[in-house]
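Report on the following structure.
Read-outs throughout are calculated quantities, based only on the coordinates presented, and are distinct from any laboratory measurement. Given the structure is predicted, the values throughout are model-derived calculations rather than measurements. Every residue, glycine among them, receives a Cβ derived from its backbone with ideal geometry; neighbour counts consider all protein chains shown.
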Amino acid sequence: MKTKILVIDDEPDITFILKEILSREGYKVDTSDGSTDAKEKIAQSNYDVILSDIVLGSETGVDILREIKTKKLDSIVIFMTGFPTFDTASEAVRLGVYDYLPKPVDKERLILTVKKALQQKGCVG
C-alpha cells in the first residue's frame with residue numbers, strides 16, 4: 001500500500017510544490033487549503049504523515065494536531081512555519097508534533113524528515 005501524505009497550507013503554490021516533490025518520491029499526496037477541508041479529509045482517510053502550515057486563517061495547525069490526538073489517529077504531524085512562536089511550539093510539542101520545517105521549505109530536508117517520520121512509524125519510507 002502506498003504511503004499517504006496530506007499537505008495543508010492556505011497558499012496554493014506551496015501545496016502544489018510540496019505535492020510535486022513528495023509525489024516524485026513515490027508517495028500518494030492529497031492537499032488541503034485550510035483547516036475545514038483538512039479536517040474533512042482526515043475524517044475520510046487515514047494519512048501516514050500530515051504536513052501542515054501552522055497559520056491557517058481562523059484556525060491553526062495546532063488545532064488540527066489537537067483533533068488528530070483527540071481522535072487517536074496514528075498520523076505523524078510535521079509543521080511548517082515562517083513565523084514560529086514559543087506558545088505555538090510549546091503546545092505543539094506537548095501534543096506530540098514530530099518536527100518543524102522552516103519556510104521556505106528545503107526540498108532535501110523535507111524528504112529526509114518525511115522518510116525519518118515514516119521509519120519511526122514503521123512504514124517503509
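Each residue in segment 69-92 was checked for being over 20 Å from Val105 (Cα atoms) and touching a Gly at 6+ places or on another chain (Cβ under 9 Å), and 1 of them qualify. Among what's in segment 87-120 and is touching a helix residue (DSSP H, G or I) at 6+ places or on another chain (Cβ under 8 Å) and in a helix (DSSP H, G or I), pick the residue that is surrounded by the most Cβ atoms within 10 Å (Cβ to Cβ). Per the stated criteria, the residue is Val114. If I go through segment 75-84 residue by residue, how many of them are in a loop (DSSP other than H, G, I, E, B) and surrounded by 11 or more Cβ atoms within 10 Å (Cβ to Cβ)? The total comes to 3.
Can you pull out every residue in segment 36-59 that is more than 16 Å from Pro12 (Cα to Cα) and out of contact with any Ser or Thr (no Cβ under 7 Å at 6 or more places or on another chain)?
Lys39, Glu40, Ile42, Ala43, Gln44, Ser45, Asn46, Ser58
In segment 18-53, the residue that is surrounded by the most Cβ atoms within 10 Å (Cβ to Cβ) out of those that are among the hydrophobic types (A, V, I, L, M, F, W, C) and closer than 18 Å to Lys115 by Cβ is Leu51. Taking segment 31-63 as the range and being in a strand (DSSP E or B), free of Cβ contacts under 8 Å to residues at least 40 places away in the same chain and under 11 Å from the mean Cα position of the chain (by Cα) as the test, the residues that pass are Thr31, Ser32.
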